[in-house]
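Worksheet for the structure shown next.
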Amino acid sequence: MKIILTREEEDIEKDKKLFKKEGFTVIGLPLIKATSLDFKLPSSDYDYIVFQSKRAIKYFLEKEQIVDKAKIVVVGKKTAEELKKYGYKADLIPDEENVKGLIRLFKKLRKGKVLIPRSKIGKNELIEFLRRENFTPFPIDVYTVEPVLYDENFLFEKLKGDFIVFYSPSAVKAFFANLQKHRIGKEKLKLKYIAIGKTTKESLYHFNVKEVLIPQKPSTEYIIKLLKSMA
C-alpha cells in the first residue's frame, strides 16, 4: 500500500522509517510549514502552563523557561516525550488526549492563572472554557502555520497513493487549498482518508469527506496498526 504523509518535511522523515519497516511505500507531501513568532509573556506569575502540541513546546522553550511553581499540563504522551527533550517533566496528562480531555482535567483543578503557548491559528475552545470557569488564561501566539502550495503536475504525481494521513486541521485545509487552486475534485482521487484524532476528522467532515478512518490512539504507531489491520 502507498501511504501519503502530509506533515512537515522533518516529521515525515521520522515517520517514514516506521512505515517502511512495516512494508508500506511512503509518499511525502508536506502540506504545512510552521514558523516561530516573536512574543512576550503577558505575566511571569502563572500557576499552570498548557502545551497542546510539540510545536508549542519547541517555539516557547527556544525563547523562554517555565517558572518553577507552574504545573505543566500537556495534551498527551507524545507531547510529554517532547517536553523531556528540553529537560522538563509533565505534571498532568488527560486520559483523553485532546482538548475535551484537557477540559475535563481542568474541571478538577484549583482555579488559577493559565499560560497557553499556542499557534496563531489555534482554536479557542480551551481558552473559552477556562474563562467561563473563572480561571485566568493567558494565550500567547508562539508560532504560526502556513499552507504549502504545489504546481498541478507535481501534485498529481504525489496523490497517486492508497491512503492519505492527516495529523492536523491545518494540513486538511492546505490539502483542499491545493485541490481548489487546480480545480481538482476530490472524487477524482481514489484515496482513503486517515485522521490522527477527532478534531482533524471533524475538519475533513467540513470538506464533505464522509468516510474517515481514525486510529485507536493519536499516534503514528497506532496509524500503522490500523493500516496493518486493513491490509
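All of the numbers you see were taken from the coordinates with simple rules; none came from a lab. This structure is a prediction, so every number in the text was calculated from the model and none was measured. Ideal geometry is used to build each Cβ from the backbone, glycine not excepted, and the neighbour counts take in all protein chains shown.
Keeping to pairs on different chains or 8 or more places apart, tell me how many lysine pairs in the range 1-62 have Cα atoms under 20 Å apart. Value for the range 1-62: 15. Given (1) 17.2, 50; (2) 18.5, 55; (3) 19.0, 59, which label gives Rg and Dmax of the Cα atoms in Å as computed from the coordinates? Recomputing Rg and Dmax of the Cα atoms in Å here picks out (2). Looking at the range 35-143 alone, DSSP beta bridges between its own residues are antiparallel in about 5 percent of cases. Computed from point charges on the beta carbon alone (+1 for Lys and Arg, -1 for Asp and Glu), the dipole magnitude for the range 35-143 about its Cα centre is near 160 Debye. Think of each Lys and Arg Cβ as +1 and each Asp and Glu Cβ as -1; about the Cα centre, that makes the dipole of the chain roughly 540 debye. Taking Cα centre as origin and charging only the Cβ of basic (Lys, Arg, +1) and acidic (Asp, Glu, -1) residues, the dipole magnitude of the range 1-47 rounds to 440 debye. Among the DSSP beta bridges whose two residues both lie in the chain, what percent are antiparallel, rounded to the nearest 5? Counting only bridges with both partners in the chain, antiparallel ones make up about 15 percent.
When the Cα positions of Tyr143, Leu102, Gly76 are compared along the charge dipole of the range 76-146, Leu102 comes out farthest toward the positive end, with charges on each C-beta of Lys, Arg, Asp and Glu. Each of Val142, Val172, Val212, Val67 has some number of other Cβ atoms within 10 Å of its Cβ, and from fewest to most they run Val67, Val212, Val142, Val172. No solvent, one uniform scatterer per C-alpha: report log10 I(q)/I(0) for the range 98-208 via the Debye equation at q = 0.12 1/Å, two decimals. Normalising to I(0) and taking log10 leaves -0.56. When both the range 112-129 and the range 178-224 are represented by their alpha-carbon centers, they are found 25 Å apart. Placing unit charges on each Cβ (+1 for Lys and Arg, -1 for Asp and Glu) gives the chain a dipole about its Cα centre, and among Phe24, Asn178, Tyr222 the Cα reaching farthest toward its positive end belongs to Tyr222.
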